[in-house]
Amino acid sequence: MGRASGGIWASLLLRPHRPPAEIPLFTLAAAVAVAKASLDVGVDARIKWPNDVLVAGDDGEERKLCGILTEMEGEADRVSWLVVGPGVNANVDADALPPGATSLRAEVGDVDRRLFLQRVLETIHGLTGEGADVGEVLDAWRDHAATLGRRVRVETPGGTVEGEAVDVRFPGSLVVRTDDGDERVVHAGDCEHLRPA
């Protein structure tokens with residue numbers, strides 16, 4: 001865990017006994033864990049697909065509280081190791097943040113970073129540990145989603161997908177209903193929340 005500048009940076013090294021196809025669930029679980037820990041300290045944090053944790057300000061603007069990076073090494077049928085790295089703006093002054101970001105301090109004041117991280121780790125373990133049901137990760141993500149029900153534009157390797165985000169499916173793909181009524185399943189891309197027309 002990093003402690004510089006009041007942030008929380010955790011690099012979790014895991015050796016999950018799960019197939020590589022399930023690994024995106026760990027990123028979703030980490031986002032859920034940060035959202036839950038934020039709620040515990042009084043910050044109504046929501047998840048933007050797939051891995052950003054946001055807080056809506058009084059002005060309606062969403063500000064980034066946390067981003068999560070995931071890296072994996074493995075083969076077609078097994079995972080050798082997985083690193084999940086959430087970076088939370090915790091006890092950071094608002095004027096030290098880049099535009100479009102917020103911190104726990106800016107929202108509710110200083111928090112106990114050790115307890116916050118403990119809550120994050122417990123939630124990740126509960127959602128992804130041995131015997132955990134992968135469906136619970138998706139349900140928990142839906143419960144904390146800022147993206148679902150919103151109009152989105154997702155830049156994917158295959159082009160732009162625009163429409164209403166209607167669901168998230170195993171292993172963490174976003175389902176977007178386009179204006180022509182088709183449902184497109186997006187596995188990876190940069191998602192932007194659009195303002196209502």
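When you restrict to C-alpha pairs under 8 Å that are six or more residues apart and normalise by the size of the chain, the relative contact order lands at 21 percent. Which part of region 137-162 falls in the paramagnetic zone of residue 56, meaning amide N under 20 Å from the point 7 Å along Cα-to-beta-carbon? From region 137-162, the list is 140-154. Its DSSP H runs of at least 4 residues, each contributing -39,500 (n - 2.57), put the calculated 222 nm mean residue ellipticity of the chain at -7500 deg cm²/dmol, to the nearest 500.
Seen from all sides and averaged, what is the projected area of the convex hull of the Cα atoms in region 151-193, in nm²? All intermediate terms of the calculation are to be shown ahead of the outcome.
Working: hull surface 10.6 nm².
So the mean shadow area of the Cα hull is 2.6 nm².
Label-to-label distance, residue 188 versus residue 166, with points set 7 angstrom from Cα along the beta-carbon direction: 2.6 nm. Its Cα gyration tensor gives region 57-118 an equivalent ellipsoid, and the semi-axes of that ellipsoid, as √(5λ) in whole Å with the largest first, are 31, 15, 9. Which shape class applies to region 79-197: rounded if a/c is under 1.5, otherwise prolate when a/b exceeds b/c and oblate if not, where a ≥ b ≥ c are the square roots of the Cα gyration tensor eigenvalues? Taking the square roots of the gyration eigenvalues as a ≥ b ≥ c, region 79-197 is oblate.
Quick one: pull the percentage of alpha-carbon pairs in region 4-143 with a separation above 17 Å.
Values: 5587 of 9730 pairs.
Value for region 4-143: 57 percent of Cα pairs lie more than 17 Å apart.
The numbers here are math on the coordinates, done by the rules we state, and not lab data. Quick caveat: nothing in here was measured; it's all calculated off a predicted structure. Because the Cβ atoms are built from the backbone with ideal geometry, glycine has one as well, and the counts that use them run over all protein chains shown.
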